[in-house]
Amino acid sequence: VYYGTFPITSRKLHQKYGPVVRIAPNEYSIDDPNAAKVIYGSGNGYIKSPWYEASGNPMNPLPSLFDERNPRLHSAIRRKVSAAYSMSSLVQSESFVDDCTSLFQQRLSEFAQTGELVDLTHWYQCYAFDVIGNITFGNRFGFLDKGKDIQGIMASISGFLKYAARVGIFPEWHKYLFKLFIRSKNLNGMAHVRSFANENLEAHYTKLIQEMDPSKISKDEIALTCSTNIGAGSDTTSISLSATLYFLTLYPETLRKLHGEIGDMEAQNSLSNPVTFQESRSMPYLQTVIKEALRLHPATGLILGRVVPKGGTSLNGTWFPERSVVGVNPWVAHINTEIFGVDASEFRPERWLGDPEVVKKRESYFMSFWMGSRTCIGINISVMELSKIVPQLVRAFGFVPENGIPEWNTENVWFVKPKDFECRIKPHDGACIRKEGKKR
């Protein structure tokens with residue numbers, strides 16, 4: 001965890017030792033779809049592990065969806081805000097996404113003219129921050145305008161993720177270490193997020209109140225929910241967007257197929273500019289490309305730990321005493337060959353277009369947005385963003401790595417953040433699709 005390599009290390013450990021691996025004195029990583037259903041199933045009594053406590057503020061313990069361990073309280077919080085995350089609510093926010101996409105395309109067009117090498121992971125994060133700011137507050141942060149970290153927001157969130165991932169291993173230290181952490185300069189950017197939220201919350205408050213229940217949720221709770229949106233919604237979406245475009249760059253054959261689907265819809269006058277969410281949902285190959293990218297590079301890389309309830313339990317033929325911590329790591333689950341096939345480690349979107357029963361089995365072990373009652377409440381936001389931006393970028397630009405094959409390194413700080421994904425931007429004319437790259 002400290003060195004940021006836990007996802008890859010976990011895969012190697014499971015390949016060597018099998019479906020159950022002890023990763024700490026009382027903590028176990030499990031790769032078994034049947035065990036996952038028990039661990040994350042509603043009403044089964046497996047509460048979140050103490051690791052999550054390090055993501056909260058012990059000095060102002062207002063419960064949040066992510067770090068609240070009590071299932072009853074978590075359900076109450078979720079009910080208060082769920083309407084704001086519904087698909088119908090998000091479709092009304094589609095114009096906020098389009099505004100950011102238009103500016104993003106403008107910036108990429110500028111890079112295409114200069115021919116410079118572009119750090120795509122950075123720019124995807126700029127885009128994701130401005131989108132989630134626009135959806136949440138009705139105003140962009142301005143990352144796309146300036147092209148750099150604003151007031152240290154990105155650095156602050158990254159620093160907090162590192163803190164939470166590491167201190168969560170020793171949660172009893174959190175209440176002491178957090179006081180030292182907030183005195184450092186690591187959270188200066190979060191102060192700017194709070195300031196931005198306060199400035200824009202009043203103007204956007206009426207819309208938020210309409211989507212939430214004002215009789216049950218306080219203004220402080222709305223502010224906390226909005227701030228959580230920024231931290232969680234920016235990194236996860238930028239990671240998923242980076243992964244999708246990386247695999248499309250790495251596999252030219254897949255990119256050509258996606259271009260074909262886009263071209264067919266354009267020929268039928270069935271694709272707007274910008275692409276609407278409704279149109280993107282009618283593009284089956286696009287959806288499988290995104291799903292396959294999220295399968296091979298899920299945003300989170302640690303186990304989603306849960307505490308074994310009173311009386312203990314048997315999972316995958318192994319007995320676990322009560323208070324043990326068990327969980328599934330999406331990075332391990334998603335290369336399970338019994339579920340995803342002998343080529344589970346390969347990028348092949350077509351695996352989601354096969355036998356419906358096989359696809360259904362794979363869907364049941366797809367954990368990019370977690371599982372059960374703790375499924376990520378922002379799933380609809382992420383799906384909408386990815387479904388709209390990917391075809392929009394692919395139809396307009398080619399992404400050409402410096403040496404033919406794109407570089408791709410990662411660091412796990414709870415989220416598995418990519419690094420070094422650099423390309424030159426070319427206006428798409430059909431000639432920018434490489435003939436090199438991996439073949440299947």
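The values are calculated or read from the model by the stated rules, or taken from the named source; none is laboratory data. As the structure is a prediction and not an experimental result, all values here were calculated from the model. Counting neighbours? That spans all protein chains shown, and the Cβs are built from the backbone with ideal geometry, glycine included.
Which residues, counting only those in the stretch 55-71, are crowded, with 17+ Cβ neighbours inside 10 Å and either among the basic types (Lys, Arg) or at pLDDT below 75 (or both)?
Hit for the stretch 55-71 is ARG69, nothing else.
Filter the stretch 17-54 down to the residues that are buried (at least 17 other Cβ atoms within 10 Å of the Cβ) and polar (S, T, N, Q), then identify the one that is nearest to ILE303 (Cα to Cα).
Among residues in the stretch 17-54 that are buried (at least 17 other Cβ atoms within 10 Å of the Cβ) and polar (S, T, N, Q), the one nearest to ILE303 (Cα to Cα) is SER29.
Return only the number of the condition from (1) surrounded by fewer than 19 Cβ atoms within 10 Å (Cβ to Cβ); (2) of a type in the set (S, T, N, Q); (3) modelled with pLDDT of 95 or more that GLN392 does not satisfy.
The number of the failed condition is (1).
Going through the stretch 1-38 one residue at a time, which ones are within 24 Å of the chain's Cα centre (by Cα) and in a loop (DSSP other than H, G, I, E, B)?
Across the stretch 1-38, the qualifying residues are VAL1, TYR2, TYR3, GLY4, THR5, ASP31, ASP32.
Quick one: which helices (runs of 4 or more DSSP H) lie wholly within the stretch 304-410 and hold at least 2 residues that are in contact (Cβ under 8 Å) with a residue 12 or more places away in the chain and among the aromatic types (Phe, Trp, Tyr)?
On the way: elements: 330-333, 337-340, 356-364, 379-396.
Result: empty, no element qualifies.
Quickly run through the stretch 4-54 and pick out the residues that are among the aliphatic types (A, V, I, L, M) and either on the phi > 0 side of the Ramachandran plot or in contact with a Cys (Cβ under 6 Å, 6 or more places away or on another chain) (or both).
The first filter runs over the stretch 4-54 and keeps only residues among the aliphatic types (A, V, I, L, M), leaving 8, 13, 20-21, 23-24, 30, 35-36, 38-39, 47, 54.
Selection gives nothing.
Sort out which residues of the stretch 265-293 are of a type in the set (D, E, K, R), surrounded by fewer than 17 Cβ atoms within 10 Å (Cβ to Cβ) and farther than 17 Å from LEU90 by Cβ, and write them in order of number. Please lay out each step first, then the result.
First, the residues of the stretch 265-293 that are of a type in the set (D, E, K, R): 266, 279, 281, 291-292.
Subset that is surrounded by fewer than 17 Cβ atoms within 10 Å (Cβ to Cβ): 266, 281.
Residue satisfying the conditions is GLU266 alone.
Filter the stretch 411-431 down to residues that are aliphatic (A, V, I, L, M) and touching a residue at least 60 places away in the same chain (Cβ under 8 Å) and give me whichever is farthest from ILE135 (Cα to Cα). Explain how you work it out, then say what you get.
First, pick out the residues of the stretch 411-431 that are aliphatic (A, V, I, L, M): 413, 416, 425, 431.
Among the residues that remain, those that are also touching a residue at least 60 places away in the same chain (Cβ under 8 Å) are: 413, 416, 425.
On the way: VAL413: 25, VAL416: 24, ILE425: 27 Å.
Step by step, filter the stretch 411-431, then rank; the result is ILE425.
Quick check: is even one residue across the stretch 194-208 modelled with pLDDT under 95, closer than 21 Å to CYS376 by Cα and assigned to a helix (DSSP H, G or I)? Steps first, answer last, please.
Narrowing the stretch 194-208 to residues modelled with pLDDT under 95: 194-208.
So of that shortlist, the ones also closer than 21 Å to CYS376 by Cα come out as 208.
After this cut, where a residue has to be assigned to a helix (DSSP H, G or I) as well, the list is 208.
Yes.
Of the numbered conditions (1) without any contact (Cβ under 8 Å) to a residue 60 or more places away in the chain; (2) buried (at least 20 other Cβ atoms within 10 Å of the Cβ); (3) out of contact with any Gly (no Cβ under 9 Å at 6 or more places or on another chain); (4) not hydroxyl-bearing (Ser, Thr, Tyr), ALA76 fails exactly one; give the number of that condition.
(2)
SER109 versus (1) assigned to a helix (DSSP H, G or I); (2) within 30 Å of ARG183 (Cα to Cα); (3) polar (S, T, N, Q): which is the lone unmet condition?
With respect to (1) assigned to a helix (DSSP H, G or I); (2) within 30 Å of ARG183 (Cα to Cα); (3) polar (S, T, N, Q), SER109 is out only on (2).
Does ALA243 satisfy the condition of being in a helix (DSSP H, G or I), at pLDDT 90 or above and of a type in the set (A, V, I, L, M)? I'd like the intermediate steps shown before the answer.
Details: in a helix (DSSP H, G or I): yes; at pLDDT 90 or above: yes; of a type in the set (A, V, I, L, M): yes.
Answer is yes for this residue.
Criterion first (surrounded by fewer than 20 Cβ atoms within 10 Å (Cβ to Cβ) and closer than 27 Å to VAL383 by Cβ) does ASP149 satisfy it? Can you show your working first?
On the way: surrounded by fewer than 20 Cβ atoms within 10 Å (Cβ to Cβ): yes; closer than 27 Å to VAL383 by Cβ: yes.
Criteria met by ASP149.
Pairs, please: C-beta under 9 Å, at least 6 apart or cross-chain, first residue closer than 20 Å to PHE141 by Cα and in the stretch 84-97, second assigned to a helix (DSSP H, G or I) and among the acidic types (Asp, Glu)?
Cβ pairs passing all conditions: VAL97/GLU385.
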